[in-house]
1. If you rank 51, 278 by fewest surrounding Cβ atoms within 10 Å, what's the result?
2. Sum -39500 (n - 2.57) across every DSSP H segment of at least 4 residues in the chain, then divide by the residue count to get the 222 nm mean residue ellipticity, nearest 500.
3. Given axes a ≥ b ≥ c from the Cα gyration tensor, I'd like to know whether the chain is rounded (a/c under 1.5), prolate (a/b larger than b/c) or oblate.
4. So for the range 130-271, averaging the separation of alpha carbon pairs under 8 Å that are six or more residues apart and normalising by length, what relative contact order in percent results?
5. Relative to the present Cα-Cα distance, how much length would full extension add between residue 57 and residue 93 at 0.36 nm per residue of separation?
6. Please report the orientation-averaged projected area of the range 109-150, defined via the convex hull of its C-alpha atoms, in nm².
7. Return the single residue from 145, 209, 42 with maximal mean-square fluctuation; model: Gaussian network over the chain, springs between Cα atoms under 10 Å.
8. I need 283, 80, 114, 169 ordered by Cβ neighbour count within 10 Å, fewest first.
């Protein structure tokens with residue numbers, strides 16, 4: 001290559017590098033499988049707000065319940081040079097190839113709110129203590145039943161058992177309810193797969209088969225619209241203190257649950273601390289980038305909220321700041 005050709009080539013390289021914009025901030029890819037419920041909407045909003053508060057840039061993508069699309073979206077994050085990924089996956093299994101893709105690219109990945117099925121790959125999971133939160137919630141309900149001096153027939157609405165969260169909530173319920181076998185008999189387990197129509201049909205059928213059910217736990221507050229509809233149709237939806245009141249508990253802490261607590265129809269719900277979980281997810285990414293030692297699983301202990309501590313704890317209940325969609 002002649003002198004003039006070398007000068008021209010150097011000029012091209014100079015132009016190329018001068019046109020590239022240096023990445024001044026850490027870039028986070030936020031991938032959510034769905035925004036179907038208030039919990040997921042509150043979570044992605046909290047993650048974005050936390051990014052802005054900590055002066056982090058972010059990309060966001062929602063897969064609309066399509067696992068293949070989510071995989072493609074994360075690959076797009078990787079090709080765009082993100083420094084870290086926070087993913088709320090469709091389930092415990094479909095996230096595995098996504099974790100592997102991030103590992104191959106050397107990009108830290110935090111799995112939000114769902115434990116991966118296999119203990120392989122490098123990742124950090126942020127998850128609520130579904131078992132303990134549920135157990136505390138159901139124990140509170142059980143104490144109400146025992147204090148009343150009555151016998152109760154109980155129902156549980158079960159989530160999608162392909163979701164580890166649903167599995168652990170069911171286990172927490174079962175372990176807690178055994179402690180109250182003197183006053184509570186479990187007569188109905190309603191599979192919902194996190195689907196309102198299935199929940200409505202299941203609760204309606206259970207109430208018809210066992211019209212004296214007086215104790216209901218829903219594995220997600222998201223299903224309360226179906227529960228309320230079935231209870232109203234059966235003339236069983238009444239506030240605390242009414243002779244027809246059914247002891248009612250849930251899990252999540254959404255706006256519907258807050259409204260029901262305020263109206264006196266809901267006895268207790270277990271709350272995932274969305275703000276804590278999202279802050280923890282971003283701190284985990286930054287910790288990994290700084291080579292700090294980090295546990296594979298980071299737990300949100302959550303809390304339960306009920307009539308006695310409602311005023312005190314509502315500040316920390318993410319659904320208290322949202323408008324109910326009822």
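1. By the 10 Å Cβ count, ascending, the order reads 51, 278.
2. Values: 11 runs with 143 residues, N = 326.
Dividing the helical sum by the residues of the chain leaves -14000 deg cm²/dmol.
3. prolate
4. Working: 259 pairs, mean separation 37.5, N = 142.
Computed value for the range 130-271: 26 percent relative contact order.
5. Gain on stretching residue 57 to residue 93: 10.1 nm.
6. 3.7
7. 209
8. 80, 283, 114, 169
Coordinate-derived values only; no laboratory data. Please read these numbers as outputs of a predicted model, since none were measured by experiment. All Cβ positions, even for glycine, are placed from backbone atoms using ideal geometry, and neighbour counts span all protein chains on display.
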